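**Student:** Pasting a structure here, questions to come.
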Amino acid sequence: MLEVEALAVSAGSFRLRDVSLSVAQGECHAVLGPSGSGKTTFLQAVLGVLQPTSGRIRLAGVELTRLPIEQRGLGYVPQQLGLFPHLSVRDNLSYSARARAVPASEFRPLLDRLVEATGIGSLLDRRPATLSGGERQRVGLVRALASQPRLVLLDEPFTALNESLRRELWWLLRELQREWRLTVLLITHDLAEAYFLAEQVTVLLDGRVVQQGEKAEVYGRPTAPEVARFLGVETLQPGRVLHVRDGLARVAVGSAQLTALAPYDLTDDVLVSIRGEEVILQDEGSSASSARNALPARVVSVRPGSPLVCVELDVGFPLVALITRPACEELDLRPGVKVTACVKAPSVHLVGRSAIQGRGSALA
């Protein structure tokens, strides 16, 4: 298990503050954040490139905080991969083990299995410059795993690849991680990548942890406006709680009212967060849905997307729905069309006043 406790790191004028997280054995944990949030600074501290000013880093109970890089037992796949251009793929893969004088009989069986699993056997005698981006990425993964690391660090490893290749390598990495019970720390700004690969996520903004936990909880229930915005929540609107009864809150939003689950720290003024895929559209006046919120809606715009169509609605406040193309065609959605927008109460997430005021204006 990786344990990071109250880590503080300075890199020039930037400061990473009081970062704590843990990664269980065999788990993938993603650290998310936009550029400049501190993701790379955090990874460099775990790797040993930067020395923390305070805090602790432990791996399987062993203190790493002041250990040199070569003694940490880590596998590392950087953005630029760092393959040696003058060496063949075969020599790149075995370089680390040979540098540590590990006998071939110890590292070769694992290396052979990784080569077979990733399908790079035909590339072993080639130089990195002759490989495609996807081939180089596979070689970088195998090199990181061949030394049997206790922890694998991935620094936005698939950023430069096209969408289809990126997803192909996500599947490969997930299969390897599960088969080999790899403990992985993934650094990324790609929300889909983190959701696909990781079980737990930590959101970093401006050098601090603003939310962490199980991925579905973090994605579905952001605890602060800036987290919701970074995670791509399509609808964020100010609301006011009218009353709370039996664990449900009635909230005024624009000229409409919604029913939501009432969080324990509810305040009068809230920010209402609704993900587009949680909005179901039906014919005007339809009563087929069991959702507590069935709102008369007018279509404002329809924007084709992949794989879902983005439908902007006026329901008394701006609401975004993400629906399939067949559903869009069946409802004949176009500007001006009237429909019913249905949202279940658990899909209406309320962020309280303390989070809004404590982290700056949510509506700026």
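**Student:** Please report Ile323, Ile274 as a ranked list, fewest other C-beta atoms within 10 angstrom at the top and most at the bottom.
**Tutor:** So the ranking, lowest neighbour count to highest, is Ile323, Ile274.
**Student:** Now for a different question. At 7 Å along Cα-to-Cβ for each site, give me the label-to-label distance between Leu266 and Leu124 in nm.
**Tutor:** It is 6.4 nm.
**Student:** Expressed as an acute angle from 0 to 90° and rounded to the nearest 10, what is the orientation of the C-alpha long axis of helix 89-99 relative to the principal long axis of the chain?
**Tutor:** The two axes meet at around 70 degrees.
**Student:** Once fully extended, how much extra length lies between Asp206 and Glu70, figured as 0.36 nm per residue of separation less the alpha-carbon to alpha-carbon distance? List each step's numbers first, then the result.
**Tutor:** Working: separation 136, 0.36 × 136 = 48.96 nm, distance 2.97 nm.
Taking 0.36 nm per residue and subtracting the Cα distance, the gain is 46.0 nm.
**Student:** Please state the Cα pair-distance histogram of the stretch 9-92 with 10 angstrom bins from zero: what percent is in each bin?
**Tutor:** 14, 43, 31, 11, 0
**Student:** Mind checking the angle between helix 104-118 and the chain's longest principal axis? C-alpha axes, 0 to 90 degrees, to the nearest 10.
**Tutor:** In the chain, helix 104-118 runs at an angle near 40 degrees to the longest axis.
**Student:** Calculated from DSSP H runs of 4 or more alone, at -39500 (n - 2.57) each and per residue, what is the 222 nm mean residue ellipticity of the chain, nearest 500? Walk me through the intermediate numbers first.
**Tutor:** Numbers: 10 runs with 98 residues, N = 364.
Dividing the helical sum by the residues of the chain leaves -8000 deg cm²/dmol.
**Student:** With unit charges on the beta carbons (Lys and Arg positive, Asp and Glu negative) and the dipole taken about the Cα centre of the chain, which residue among Val89, Val244, Val300 sits farthest to the positive side?
**Tutor:** Most positive-ward Cα: Val89.
**Student:** With only alpha-carbon atoms counted, please give the Rg and Dmax of the stretch 225-358, in Å.
**Tutor:** Rg, Dmax (Cα atoms, Å): 14.7, 44.
**Student:** Another question, if that's okay. What FRET efficiency do you get for Arg108 and Ser289 if R0 is 51 Å and r is their Cβ-Cβ distance, rounded to the nearest 0.05?
**Tutor:** Between Arg108 and Ser289 the formula returns 0.25.
**Student:** Let me ask something additional. With +1 assigned to the C-beta of every Lys and Arg and -1 to the C-beta of every Asp and Glu, and no other charges, what is the dipole magnitude of the chain about the Cα centre in debye, to the nearest 20?
**Tutor:** Working: 40 positive and 39 negative charges, 153 e Å.
That gives a dipole near 740 debye.
**Student:** So if I take the centroid of the Cα atoms in the stretch 1-56 and the same for the stretch 315-343, what is the distance between those two points in Å?
**Tutor:** Distance between centres, Cα-based: 42 Å.
**Student:** With r defined as the distance between the Cβ atoms of Arg298 and Leu248 and R0 fixed at 41 Å, what FRET efficiency is calculated, to the nearest 0.05?
**Tutor:** Working: r = 27 Å, r/R0 = 0.65.
Once the sixth-power term is evaluated, E becomes 0.95.
**Student:** Continuing with this model, one more query. Need the list of aspartates and glutamates near Lys39 for cross-linking: C-alpha distance under 19 angstrom, and skip anything on the same chain fewer than eight residues off.
**Tutor:** Partners found: Glu3, Glu5, Asp18, Glu27, Asp155, Glu156, Asp190, Glu193, Glu199, Asp206, Glu214, Glu226.
**Student:** With a sphere of radius 15 Å drawn around the Cβ of Ser132, what net charge do the other residues whose Cβ falls strictly inside it have (Lys, Arg +1; Asp, Glu -1)? List each step's numbers first, then the result.
**Tutor:** Numbers: positive: Arg126, Arg127, Arg136, Arg138, Arg166; negative: Glu135, Glu168.
Taking every other residue near Ser132 into account, the sum is +3.
**Student:** Length gain on complete extension for the stretch Thr53 to Ala6, per 0.36 nm per residue less the alpha carbon to alpha carbon distance?
**Tutor:** Values: separation 47, 0.36 × 47 = 16.92 nm, distance 1.03 nm.
Stretched out fully, the Thr53 to Ala6 stretch lengthens by 15.9 nm.
**Student:** Ok, one more. When ranked by the protection proxy of mean other Cβ atoms within 10 Å per residue, highest first, what sequence do the peptides 289-300, 39-50 form?
**Tutor:** Details: 289-300: 17.6, 39-50: 21.2.
Highest to lowest by the protection proxy: 39-50, 289-300.
Just so you know, all these numbers are worked out from the coordinates, no wet-lab data involved. Remember, it's a predicted structure, so these values are computed and weren't measured experimentally. Cβ sites come from the backbone with ideal geometry, for glycine too, and all protein chains shown count toward neighbours.
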